[in-house]
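The values are calculated or read from the model by the stated rules, or taken from the named source; none is laboratory data. What you see is a predicted model, and the numbers here were worked out from it, not measured in a lab. Cβ placement follows ideal geometry from the backbone for every residue including glycine, while neighbour counts extend to all protein chains displayed. For accessibility, only protein heavy atoms count, side chains too; no ligands or nucleic acids. Shrake-Rupley method; radii C 1.70, N 1.55, O 1.52, S 1.80 Å.
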Amino acid sequence: MITLAPATAADVDDFVALATEMDVFYGDVRPDPPQQRAAEISAVLFSVPPNAFALLARDNAERLAGFAAYSFLWPAAGLSTSLYLKELYVADTARRTGVATALMRGLYAIAAERGCSRVEWTTDDGNEQAKAFYAAFGAKPLPSKIFYRAEGDVLSG
């Protein structure tokens with residue numbers, strides 16, 4: 001059985017471990033020290049107001065099995081709000097056990113509870129498994145949209 005709950009301060013150490021696994025999965029082999037990562041997670045998720053939110057999935061043994069990091073965006077259609085999924089990650093040992101499905105359903109429920117008009121996210125163009133997974137939730141890619149990113153020195157110039 002998979003249980004879902006919003007991240008709390010008590011989850012930070014487990015979250016650091018799973019975020020470190022995620023970073024290594026994406027190629028960052030030297031993530032920041034755990035204490036620094038814990039401080040960063042706490043500052044983002046537990047500031048007032050929070051800068052982002054995280055929905056956590058735990059397995060039968062209460063181990064952190066996955067997370068969905070998200071924010072609310074405004075305006076969306078008709079001045080409504082949308083939920084933007086920034087990251088969906090499932091622990092290597094928990095893949096193909098229903099964790100990602102539970103997290104997506106949980107996000108849809110949060111969006112409905114908050115009156116959001118939609119849930120939005122991106123995935124890598126070549127990630128066919130992710131595209132098939134998301135299609136099963138009724139999501140369709142928007143070929144009319146282009147994703148932009150500014151980072152590093154561009155931000156301070």
Quiz item: Rounded, prolate or oblate: which one fits the stretch 82-157, using the alpha carbon gyration tensor with axes a ≥ b ≥ c (rounded when a/c is under 1.5, else prolate when a/b beats b/c, else oblate)?
Solution: prolate
Practice problem: Heavy atoms only, probe 1.4 Å: what % of the accessible area of the chain goes to carbon and sulfur, would you let me know? | Solution: 56 percent
Practice problem: Go ahead and collect, in residue order, the members of the stretch 19-55 whose backbone nitrogen is under 13 Å from a label point 7 Å along the Cα-Cβ direction of A130. | Solution: 23, 25-27
Quiz item: Which length gain, in nm to one decimal place, applies between D23 and F72 when the Cα-Cα distance is subtracted from 0.36 nm times their residue separation?
Solution: 15.3 nm
Quiz item: How high is the relative contact order of the stretch 81-157, in percent, counting Cα pairs under 8 Å that sit 6 or more residues apart?
Solution: 34 percent
Quiz prompt | Listed residues A135, N60, G27: farthest to the positive end of the dipole of the chain (Cβ charges) | solution = A135
Practice problem: Report the residue, chosen from P143, P50, P33, that carries the largest GNM mean-square fluctuation when the chain is represented by alpha-carbon nodes joined by springs under 10 Å. | Solution: P143
Exercise. Could you calculate the contour length gain from Q35 to A10, that is, 0.36 nm times the residue separation minus the distance between their Cα atoms, to one decimal place in nm?
Key: 7.6 nm
Self-check item: the stretch 1-85: relative contact order as a whole-number percent, Cα under 8 Å and 6+ apart
Solution: 28 percent
Exercise. At 1.4 Å probe size, with no ligands or nucleic acids counted, give the accessible surface of F25 in Å², nearest ten.
Key: 120 Å²
Quiz item: Rounded to the nearest 500 deg cm²/dmol, what is the calculated helix-only ellipticity per residue at 222 nm for the chain, with -39500 (n - 2.57) per DSSP H run of length n ≥ 4?
Solution: -10500 deg cm²/dmol
Quiz item: With the other protein chains left in place, how much accessible area per residue, in square angstrom, belongs to the chain at a 1.4 angstrom probe?
Solution: 66 Å²
Practice problem: Quote the charge dipole size of the chain about the Cα centre in Debye, to the nearest 20; the model charges only the Cβ of Lys and Arg (+1) and of Asp and Glu (-1). | Solution: 640 debye
Practice problem: Using only alpha carbon pairs under 8 Å that are at least six residues apart, calculate the relative contact order of the chain and give it in whole percent. | Solution: 19 percent
Quiz prompt | Cα gyration tensor category, rounded, prolate or oblate, for the chain with a/c compared to 1.5 | solution = rounded
